[in-house]
Amino acid sequence: MLSFLASRILQGLAVILVVIVITFALMKFAPGGPFQSERAMPEYVRANLDAQYGLDKPWYVQLARHIKNFATFDLPLSYRYKGRGVGEIIAESFPVSLAIGVPALLIALGLGIPMGALAALKPNTFEDRAATIVSTLGVCLPSMVLGPVLALLFSLKLHWFNVAGWYDADDWVLPSLTLGIIYSAYIARLTRGGLRETLVQDFIRTARAKGASEATVVFRHALKLACLPVLNFLGPAAAGLLTGSFVIETVFQIPGLGQHFISAAMHQDYTLAMGTAAFYSALIVGFNILVDVIQAMLNPRIGFNS
Amino acid sequence: MSGPQIISESPWRGALRRLLGNALATAGALFLILLCLICWLGPKLSPYSQSEQNLELRATAPSAAHWMGTDALGRDIATRVLHGGRVSLLVGLLATGVAVIIGVAYGMVSGLAGGRTDAALMRIVDILYAFPFMTFVIILTVVFGRDFKLLFATIGAVEWLTMARVVRGQVLSLKRQEFITAARSYGARWWHILFRHLLPNVIGPVIIYASLTVPGVMLLEATLSFLGLGIQPPDASWGVLIRDGAEQMENAPWLLIFPGAFFSVTLLALNFLGDGLRDALDPKSLR
C-alpha cells in the first residue's frame with residue numbers, strides 16, 4: 001500500500017513537471033511576448049519590465065527558476081495582473097469553481113446512479129428504455145447548448161435566477177445544474193453497463209442462493225463492484241468539474257479558474273498559464289490516485305500491486 | 001426441406017445485416033448521409049451566401065424567405081447553419097482521421113515490438129491520460145494561430161490515446177494466434193504479416209472507436225469555437241453559431257435554437273451509429 005502510494009505520487013509529480021515544461025515551451029514558441037501586445041512603450045521601459053520578470057535571461061534559466069518556484073510553492077507574480085501573485089489569483093477563483101463544481105458533482109451522482117441502476121435492474125422494460133434514451137440525450141446535449149437553454153427558460157422566461165454573473169447567493173444553481181445533468185448522463189450509462197455485467201456473475205448467484213434479499217444483493221454486493229467504471233470516470237471528471245468548465249464559465253460569466261486559464265493563454269501570461277495548468281494537473285493526478293486507492297479497497301481482485 | 005439450413009455469410013456481410021437490423025443505428029446513418037448531402041448542396045442552392053449581410057434585416061424571426069431567420073447582421077441563418085455544418089463535419093472527420101493514423105501506428109508498433117518497448121510506449125500513454133488536454137489544446141490554438149488545418153491536427157493529436165490502446169491490445173492477442181504462427185512458418189515477411197493478417201483483423205475495432213471518436217472530436221471543435229479559439233468569423237462552424245446565438249438568445253432565440261438543434265441531433269445520430277457499429281462488428285459485446 002505505501003510503496004504503491006509512493007510510486008503513484010512520484011509518477012504524478014513527474015506528470016506535473018512535464019506539464020509545466022510543455023506549457024513553458026509552448027508559450028516560448030508563441031510569437032511575441034507577454035508585454036508585446038500592450039500599447040507602444042519606450043524601449044527602456046520594456047527592457048526594465050523584461051528584467052523585472054527575468055525575461056531577459058536565457059530560456060533555461062527562466063525555466064529552472066519557474067520549476068524552483070513551483071517546487072517551493074513560491075508562486076510568481078502574474079505578468080498581466082500587475083502586482084498580483086499567481087497563487088493569489090488561484091486562491092481567489094478556485095472557491096468560485098468549487099462552489100459550482102461540488103453541487104454539480106452531487107447532482108451528477110444523485111441523478112446518474114439511480115437512473116443507471118434502474119435501467120440495469122429492469123432490463124428491456126419501459127424504465128430501461130426511458131433511462132437509456134434520457135442518458136443518450138444528455139450525452140448529446142453539449143453544455144454550450146444546454147446552458148443557454150436553461151438560462152433562457154429559468155432566467156429570461158421564469159425570472160427565477162440571474163441570467164449570468166456571480167452576485168447572488170443562488171447564482172450557482174444554473175451552472176451546476178447544466179454540468180450536473182451532462183455528467184449524470186455519462187454516469188448513468190456507466191452504472192447501467194457496470195451493474196448489468198456484475199449482476200450475472202457467480203458471487204451474485206451465491207448471494208441469492210444464500211437467501212439474501214434483492215436489496216442486499218444489489219446494495220451490499222453488486223453496486224460496490226458496479227461502481228468501478230463510474231469511479232474510473234469520476235477521477236478526471238471531478239478534476240474537470242472542480243476547476244470549472246471553460247464553457248460554463250463563459251456562458252454564465254463566472255469568475256472561476258477556467259476563465260483565468262483561457263485569458264492567461266491568450267495574453268501569454270506565462271506564469272499564470274503555467275500555474276493554472278500545474279494546478280489542474282495536480283488535481284487530476286490527486287483524484288486519479290484517490291480513485292486507484294478506493295478501487296483497490298472496493299475490489300479485492302485489483303489490490304495495490306500495479 | 002430437411003435438416004437445419006446452414007447459412008454461411010462473410011463476417012462483413014453479417015455485420016452489415018446486424019447494423020441494418022438496428023433501427024436506431026440505421027436511422028442515425030440515414031440522417032448523417034442526408035445531413036452531409038444538404039450541408040454540401042444547401043449552400044450552393046441557397047439564394048444567400050453565408051457571409052452576405054443585409055443590415056435592413058437585423059435579427060428577423062424565421063419567415064418564408066429566411067427559413068431560420070437572420071442574425072444581427074442580416075445574414076441568413078439557414079445558409080450559415082448548413083455552411084457551419086460543413087465545417088464542423090469536416091473538422092470532425094479530418095481530426096478523427098489524424099487520431100486514427102497516429103493511434104493505429106502507435107498501437108501497432110507497441111503491440112508488435114512487445115517486451116520493454118511495449119511497456120515503455122504504454123507507460124507514455126498512461127502518463128498522457130493524466131494530462132490536462134483541454135488546457136493544452138487551448139495553448140496550442142493560441143500559439144499556432146487559429147487556422148483550420150492546425151485546428152483539426154491539434155484535436156487529432158490529443159485524441160489518439162484510446163485508439164492506440166485498443167489496437168495494441170488487438171495486435172498482442174492476434175500475435176499469439178495460430179494463423180500468424182502458420183504465416184511465419186511458411187516464411188512470410190513481416191510486412192506481409194502486417195498488411196495481410198494483422199491490419200485486416202484490427203479494422204473492426206478501429207472502425208468502432210473511430211465512430212465513437214467523431215462526436216467527441218466535434219464537441220471539442222465546437223467548444224474551442226465557442227470560446228473563440230477555433231473557427232474564426234466570418235467563417236462559421238456550429239460552435240461559432242451557438243456562441244453568437246447564446247449572446248442574443250433574449251431577443252432572437254432562433255439564433256441559438258437552430259444551430260443547437262442541428263448539432264445535438266447530429267451528435268445523437270453519431271452516437272446511435274457508433275453504438276450500432278459496436279454491436280454489429282463485435283457481437284460478443286451485445287448485452
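The values are calculated or read from the model by the stated rules, or taken from the named source; none is laboratory data. These numbers come from a predicted model, not from an experiment. So basically every Cβ, Gly included, is an ideal-geometry build from the backbone, and we count neighbours across all protein chains shown. Note: accessible area is taken over every heavy atom of the protein model, side chains too, but ligands, DNA and RNA are not part of it. Shrake-Rupley method; radii C 1.70, N 1.55, O 1.52, S 1.80 Å.
Examine the stretch B:193-216 for a residue that is assigned to a helix (DSSP H, G or I), of a type in the set (A, V, I, L, M) and within 14 Å of chain A (Cβ to nearest Cβ), and state whether such a residue exists.
Restricting attention to the stretch B:193-216, the residues satisfying the condition of being assigned to a helix (DSSP H, G or I) are B:193-216.
Subset that is of a type in the set (A, V, I, L, M): B:193-194, B:198-199, B:202-203, B:206-208, B:210, B:212, B:214.
With the extra rule that they be within 14 Å of chain A (Cβ to nearest Cβ), the set shrinks to B:212, B:214.
Within the stretch B:193-216 (the criterion being assigned to a helix (DSSP H, G or I), of a type in the set (A, V, I, L, M) and within 14 Å of chain A (Cβ to nearest Cβ)), the answer is yes, since at least one residue qualifies.
Could you tell me how many of the residues in the stretch B:224-237 are within 11 Å of another protein chain (Cβ to nearest Cβ) and open to solvent by less than 20 Å² (accessible area, probe 1.4 Å)?
If we filter the stretch B:224-237 for residues that are within 11 Å of another protein chain (Cβ to nearest Cβ), which is where we start, we get B:224-229.
Still in the list and also open to solvent by less than 20 Å² (accessible area, probe 1.4 Å): B:224-226, B:228-229.
Final tally of qualifying residues: 5.
Residue check: is B:L229 under 22 Å from A:I182 (Cβ atoms) and assigned to a loop (DSSP other than H, G, I, E, B)?
For B:L229, the condition - under 22 Å from A:I182 (Cβ atoms) and assigned to a loop (DSSP other than H, G, I, E, B) - is met.
Of the conditions (1) away from every other protein chain (no Cβ under 14 Å); (2) modelled with pLDDT of 80 or more; (3) open to solvent by 30 Å² or more (accessible area, probe 1.4 Å), B:D118 satisfies every one except a single condition; which number is it?
(3)
Go over the candidates B:V206, B:V202, B:V214, B:V240 one by one and state the one that is buried (at least 22 other Cβ atoms within 10 Å of the Cβ) and within 22 Å of B:V166 (Cβ to Cβ).
Only one candidate qualifies: B:V214.
Within the stretch A:121-163, which residues are open to solvent by less than 30 Å² (accessible area, probe 1.4 Å) and more than 10 Å from chain B (Cβ to nearest Cβ)?
Passing the criteria: A:D128, A:A131, A:S135, A:G138, A:L150.
For the stretch A:103-135, name all the residues that are touching a Lys or Arg at 6+ places or on another chain (Cβ under 8 Å) and among the β-branched types (V, I, T).
A:T132
Pairs only if they're at least six apart or on different chains, beta carbon under 9 angstrom, first in the stretch B:81-103 and touching a residue at least 24 places away in the same chain (Cβ under 8 Å) and open to solvent by 10 Å² or more (accessible area, probe 1.4 Å), second part of a helix (DSSP H, G or I) and among the charged types (D, E, K, R); list them, first residue then second.
Hits for this filter: B:V87/B:E221; B:L94/B:K149.
If we scan the stretch A:279-298, do we find a residue that is within 23 Å of A:Q62 (Cβ to Cβ) and not hydroxyl-bearing (S, T, Y)?
Yes, the conditions are met somewhere in the stretch A:279-298.
Among (1) assigned to a helix (DSSP H, G or I); (2) more than 7 Å from chain A (Cβ to nearest Cβ); (3) in contact (Cβ under 8 Å) with a residue 60 or more places away in the chain, where does B:A261 come up short?
Of everything listed in (1) assigned to a helix (DSSP H, G or I); (2) more than 7 Å from chain A (Cβ to nearest Cβ); (3) in contact (Cβ under 8 Å) with a residue 60 or more places away in the chain, B:A261 misses just condition (3).
Are any residues in the stretch A:15-44 at pLDDT 70 or above and either touching a Pro at 6+ places or on another chain (Cβ under 8 Å) or open to solvent by less than 50 Å² (accessible area, probe 1.4 Å) (or both), and if so, which ones?
Residues satisfying the conditions are A:V15, A:I16, A:V19, A:I20, A:T23, A:F24, A:A25, A:L26, A:M27.
Which is touching a residue at least 60 places away in the same chain (Cβ under 8 Å) and under 13 Å from the mean Cα position of the chain (by Cα), of A:V218, A:V293, A:V230, A:V285?
A:V285
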